[in-house]
Amino acid sequence: MKRSSNITSVATACLFLGITAPNMALAAASNDPDWPCIQRKVPELSVGQVWNGPEIPEAAGNWNADSRIQELVGELAARRNPLDAAQKQIVEFATGLPKNEVNDKLFQLFQGLFETLNREREQVISGISRYASKQRELASDLRKEASAVDAMRTKADADPDELERLDERLKWETRVFEERVQSLTYVCEVPTIIEQRLYGLSKTIGQSIVKP
């Protein structure tokens, strides 16, 4: 019993250190010292990061006034739609337009995708920050619980049944915490995935622009 409790307490302490130490190292790579991801935090993208085509006209900002463009943006932005299939949709869309409308519609399509995916990416980043904040709270609670169990173990009159109950609860909460750490690792990749999708779609749009 005593050995099991010691292992749990040590594991909890190590786990806490494991999530805080990388944060300290990442502070130099991010403006937000609390950012938990290895990937650098870039709150929002600029057009220049994903677009290599001609200058986007101001009129493209009215993309959502065209129901067809609006619907296509939704289809292309959805990550369940494979990138290669989405790129094929863009080519088919451009091919089916009158030549004098191609560029205007493609500019609108790009603008719609940029705004939609950039907003989605910002929401994911905000969610990651909230998730990480909750993890820090949970880590602090785990350390306190581990200390309480250790203190209880040193008492000669400690109730062994109560000690076992608290130790089992600590093990369970630590396991949940570990699973949340693993989930955070996956979620941290999402902003990059969105950015790569936007770049891939933008590249196809740019290649479909009619050259003067």
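Only one of the numbered conditions (1) exposed (fewer than 15 other Cβ atoms within 10 Å of the Cβ); (2) small (Gly, Ala, Ser); (3) in contact (Cβ under 8 Å) with a residue 40 or more places away in the chain is not met by residue 139, and that is (1).
Quick one: residue 103 ticks every box in (1) under 13 Å from residue 206 (Cβ atoms); (2) in contact (Cβ under 8 Å) with a residue 40 or more places away in the chain; (3) not in a helix (DSSP H, G or I) bar one, so which box is it? Answer for residue 103: the failing condition is (3). Within segment 172-205, the set of residues being buried (at least 16 other Cβ atoms within 10 Å of the Cβ) and over 25 Å from the mean Cα position of the chain (by Cα) comprises just one member, 205. Considering only segment 54-76, state which residues are touching a residue at least 12 places away in the same chain (Cβ under 8 Å) and either out of contact with any Leu (no Cβ under 9 Å at 6 or more places or on another chain) or not in a helix (DSSP H, G or I) (or both). 54, 56, 57, 59, 61, 62, 64, 66, 70, 74, 75 - these are the residues of segment 54-76 that are touching a residue at least 12 places away in the same chain (Cβ under 8 Å) and either out of contact with any Leu (no Cβ under 9 Å at 6 or more places or on another chain) or not in a helix (DSSP H, G or I) (or both).
Checking each residue of segment 108-120 against the condition of being in a helix (DSSP H, G or I) and more than 25 Å from the chain's Cα centre (by Cα) gives at least one match. Mind listing just one residue for me: the one in segment 43-81 that is within 14 Å of residue 201 (Cβ to Cβ) and among the small types (Gly, Ala, Ser) and, of those, modelled with the lowest pLDDT? Filtering segment 43-81 for residues that are within 14 Å of residue 201 (Cβ to Cβ) and among the small types (Gly, Ala, Ser), the one modelled with the lowest pLDDT comes out as 53.
Report yes if some residue within segment 11-23 is surrounded by fewer than 18 Cβ atoms within 10 Å (Cβ to Cβ) and modelled with pLDDT of 50 or more; otherwise report no. Checking segment 11-23: not a single residue is surrounded by fewer than 18 Cβ atoms within 10 Å (Cβ to Cβ) and modelled with pLDDT of 50 or more.
Can you say whether residue 90 is at pLDDT below 95, farther than 16 Å from residue 64 by Cα, buried (at least 19 other Cβ atoms within 10 Å of the Cβ) and of a type outside the set (S, T, N, Q), as far as the supplied structure shows? So residue 90 does not fit the description; no.
From the list 181, 190, 176, 149, the lone residue that is within 30 Å of residue 55 (Cα to Cα), touching a helix residue (DSSP H, G or I) at 6+ places or on another chain (Cβ under 9 Å) and aliphatic (A, V, I, L, M) is 190. Do we have any residue at all in segment 154-174 that's part of a helix (DSSP H, G or I), of a type in the set (Lys, Arg) and either on the phi > 0 side of the Ramachandran plot or in contact with a Leu (Cβ under 8 Å, 6 or more places away or on another chain) (or both)? No: segment 154-174 contains no residue that is part of a helix (DSSP H, G or I), of a type in the set (Lys, Arg) and either on the phi > 0 side of the Ramachandran plot or in contact with a Leu (Cβ under 8 Å, 6 or more places away or on another chain) (or both). Can you say whether residue 164 is surrounded by 13 or more Cβ atoms within 10 Å (Cβ to Cβ), at pLDDT below 85 and farther than 30 Å from residue 105 by Cβ, as far as the supplied structure shows? In short, yes. Within segment 142-151, is there a residue that is out of contact with any strand residue (DSSP E or B) (no Cβ under 8 Å at 6 or more places or on another chain), within 18 Å of residue 68 (Cβ to Cβ) and crowded, with 19+ Cβ neighbours inside 10 Å? No: zero hits. Scoring residue 117 on the criteria (1) of a type in the set (A, V, I, L, M, F, W, C); (2) touching a Leu at 6+ places or on another chain (Cβ under 6 Å); (3) over 22 Å from residue 42 (Cβ atoms); (4) at pLDDT 90 or above leaves a single failure, condition (3).
The values are calculated or read from the model by the stated rules, or taken from the named source; none is laboratory data. Computed from a predicted model, the values in this text were never measured in an experiment. Backbone-built Cβ (ideal geometry, glycine too); neighbour counts: all protein chains shown.
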